[in-house]
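The values are calculated or read from the model by the stated rules, or taken from the named source; none is laboratory data. Bear in mind the structure is a predicted one, so any value in this text is a computation, not a measurement. In this analysis, Cβ positions are derived from the backbone assuming ideal geometry, glycine residues included, and neighbour counts consider all displayed protein chains.
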Amino acid sequence: MHGNSSYSPKNLGPRPAAGFYIRHVKGLTLKDVEFSFDQPDARPTLEVYDADGLTLDDVKAPKSTAGQIWRLEKVKNLTVQNSPGLDARQSADVDKGAE
């Protein structure tokens with residue numbers, strides 16, 4: 001039997017993103033969000049998989065040590081505005097990409 005006491009995020013293994021790992025979502029908006037980290041990280045700040053209707057508005061995120069802010073796969077209706085370091089786009093579809 002598994003209870004709340006047996007749950008630990010460390011049991012899930014390494015995370016693919018330094019900030020948010022977002023998957024299987026519809027209609028998500030991140031607005032006025034700023035990421036910062038104490039140590040450099042090789043992972044992108046955002047990893048998004050299978051999203052429809054993702055909006056990033058005024059999102060500030062550092063590049064990873066590999067030079068990426070995000071990694072996207074199967075993202076539909078992506079809108080990016082007022083987000084330094086990310087190309088502005090309106091209702092774009094991304095099958096696979098990094099920036």
Being within 13 Å of the chain's Cα centre (by Cα), crowded, with 17+ Cβ neighbours inside 10 Å and either in contact (Cβ under 8 Å) with a residue 40 or more places away in the chain or in a loop (DSSP other than H, G, I, E, B) (or both): is that true of P16 here? no
Looking only at the stretch 73-99, filter to residues that are among the charged types (D, E, K, R) and modelled with pLDDT of 90 or more; which one of those is nearest to the chain's Cα centre (by Cα)? E73
Taking the conditions exactly as written (assigned to a strand (DSSP E or B), among the β-branched types (V, I, T), out of contact with any Ser or Thr (no Cβ under 8 Å at 6 or more places or on another chain) and free of Cβ contacts under 8 Å to residues at least 60 places away in the same chain), does V48 satisfy them or not? yes
